[in-house]
Amino acid sequence: MTYDSIYNAVADRYESGMGWDEHVHVGDEESLNIAEEALGRHADSDETGLRIRDFERGETETYTFAELAAAANRVSNYLVEHTERGDRVGAMLPTQLELYAVVFGTIQAGRIYLPLAPVFGPDALNYRLEDSGAAALFTTTEGCEVVDGDLPALERVIAIDDGDAGGGTIDGGGALEGDATVDEYDAVRARDDEFETVETHPNDPYSLTYTSGTTGPPKGVPTSHRGPIELYAYSEYVVDLRPDDVYLVAASPSWSYGLTMGTIMSGVRGTAIGCYRGQFDPHAFFETLEAWDVDNAMIPPTALRQSRAAGIDLEAWDIDLRVLISAGESLDEETVNWCEDGLGAPPQDAYGLTEGGMVVCNYAFDDWDVKPGSMGKVTPGEEVALLDDDGNEVDQGEVGEIAIRRDEDARGSYWGRPEATLETFTGLWLRTGDLARRDEDGYFWYVSRADDVIISSGYRIGPAEVEEAAVVGEDHETRGQIVKAYVTLVGDHEPSGELEVELSEFARAELSKHEYPREIAFLDALPKTASGKIKRSALAE
């Protein structure tokens, strides 16, 4: 099995219009509900369908597909009574059975699931609720305290006691102020555990995921029921997800990857969902990998670097992964080697975005060569180009904007933002705003966001080429811009002029002479989005 042979075969299937997965009934263009494909068809199975590791308790919760389906059916019956088809239903909950019940229960009822991270504060939460026009919200008693009950569309809030991860009730209807009705989750538990999935069209949206908002207010991106089916090539050749895999995704369905690949595609492939609850802890995480005997995992780069920095001794753990996916940012060679030596597999970096899916990846082929720091090659079935400002493809080795070719019937949109939709989704290419270069072997290498590029003395410098912390461009009288680094210190190190010079000289020795930071500032913490991405726009300001 080689990359070229797979790419050509999948491209042929796209061109012939063939369906992807024999388990998914994509031939009937009139009806497709992805929740039925991911959970409904497993509803009578006593096989494990969901595993959750509680880091604080050190315990594992397991639920069968049948138990998960029954919980989802109760949610569906509740929503059919209190909401309308197509309504947006949010969930801001820890990783627990009820969260997954809301995901599947919302989708199979013909409603649209709105992922909301438990770490959201009032601004982030209420912005998404208002922008989406959400009609209902499932959250904890603590979450009730930050919800604006006067949101025009919000009619009902369902509260679960956050003191009991397994689900509970609240006293007195919660602390929410405003016109929205607050129900205890017992109102959901009282519903029938049988439900007939609502028929939906393949092009109907099943989720509304908001972008991270690194360059402006977050924008909602609807995903259609047919969307996960288009991830067949990624699931088959990158993740290599199998029904008997013990699968662990270090991201809950509050995030795009955790929802699509960690939850929906797990069910489509017949694989048990695996996740954890609580703040990420390297020792607890690696203990889980060993205790579960995980063979297929997705671990973000930040978690891998954090674990390595924490001094995790991989030789002390009995872990042997067949597949290790890592996405979101590039990994250094030391971390890649550390994983391959101690976990059994190198991290397969992958590049994707909410608007366009996973489009450039490394693969789970035995003979695949992982180049540390590289995004890999184009996903079979996708067409990706690097374009200049005029829309022309750049030469090999030159920096260009990553652009994804879109078919007429596969173009997306932003929720309630027609102008932004026309700007991003109109035309032959979806232009991502990310810059990359392609080497002589066809591997892509991420450079930066287009608006993060630093132009110094005529050189185009991507922050990722320089930073171990975070760098931005600062105006300079003669050079146009210089590289300015923002650094956080660990241990008992203290900011000083001497340390600034030392760091600058170190970077100068490792990087090209035009790339090293000429100014350094020390911060207690770098500004980040809720999903952990560095907000360079805040640093630039």
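Pop out the ³J(HN,Hα) list for segment 444-450 in order, Karplus 6.51 cos²θ - 1.76 cosθ + 1.60 with θ = phi - 60°, rounded to Hz; leave Gly and Pro as x.
9, 10, 5, 10, 4, 5, 4
What is the P(r) of segment 273-386, as percent of Cα-Cα pairs per 5 Å bin from 0?
It works out to 2, 11, 22, 24, 18, 13, 6, 3, 1, in whole percents.
Along its principal axes, what span do the Cα atoms of segment 383-451 show, with the longest given first and each in whole Å?
Cα spread of segment 383-451 along its principal axes, largest to smallest: 40, 26, 19 Å.
Whole-Hz ³J(HN,Hα) for each residue in segment 339-350, computed from phi via Karplus 6.51 cos²θ - 1.76 cosθ + 1.60 with θ = phi - 60°, x for glycine and proline: what do you get?
After applying 6.51 cos²θ - 1.76 cosθ + 1.60, I find 5, 5, 6, x, 10, x, 8, x, x, 8, 5, 8 Hz.
Rg/Rh for segment 65-208: what does it come to with C-alpha atoms and Rh from Kirkwood?
0.93
Among 151-159, 306-314, how do they line up by average Cβ neighbours within 10 Å per residue, starting with the highest?
Values: 151-159: 19.4, 306-314: 13.8.
Averaged packing, sorted descending, gives the order 151-159, 306-314.
State, as an integer percentage, the relative contact order of segment 65-208 based on alpha-carbon contacts under 8 Å between residues 6 or more apart.
29 percent
Tell me, what ³J(HN,Hα) does each residue in segment 106-112 have, in order and in whole Hz, if you take phi through Karplus 6.51 cos²θ - 1.76 cosθ + 1.60 with θ = phi - 60° and put x for Gly and Pro?
Result, ordered by residue: 5, 5, 6, 8, x, 9, 10 Hz.
If amide hydrogens are placed 1.01 Å from N in the peptide plane, which non-local residues have theirs closer than 5 Å to the one on ASN33?
Hits under the 5 Å cutoff: THR200.
Rank by packing, highest mean first: peptides 380-386, 106-112, with packing defined as the count of other Cβ atoms within 10 Å averaged across residues.
The peptides rank, most packed first, as 106-112, 380-386.
Could you let me know the centre-to-centre spacing of segment 347-389 and segment 187-250, using Cα atoms, in angstrom?
A separation of 21 Å, based on Cα centres.
Could you tell me which of the pairs LYS219/LYS484; LYS219/LYS528; LYS371/LYS484 are separated by over 21 angstrom between their Cα atoms in the structure shown?
LYS219/LYS484; LYS371/LYS484
May I ask you to sort LEU428, LEU231 by Cβ crowding, counting other Cβ atoms within 10 Å and putting the fewest first? Spell out each step's value before the answer.
Details: LEU428 13, LEU231 23.
Ranked by crowding around the Cβ, least crowded first: LEU428, LEU231.
Could you sort the peptides 252-260, 118-126 by per-residue average Cβ neighbour count (10 Å cutoff), highest mean leading?
252-260, 118-126
Over 5 Å intervals from 0, what percent of Cα-Cα pairs in segment 318-444 sits in each interval?
Bins of 5 Å from zero give 2, 10, 19, 20, 17, 13, 9, 6, 3, 1, 0 percent of pairs.
What is the spread of the Cα atoms of segment 246-315 along each of their three principal axes, largest first, in whole Å?
Sorted largest first, the three principal extents are 37, 23, 18 Å.
Rule-based calculations on the coordinates, nothing more; no lab input. It should be emphasised that the depicted structure is a prediction, and the values quoted were computed from it without experimental measurement. Here the Cβ is made from the backbone with ideal geometry for all residues, glycine too, and neighbour counts use every protein chain on show.
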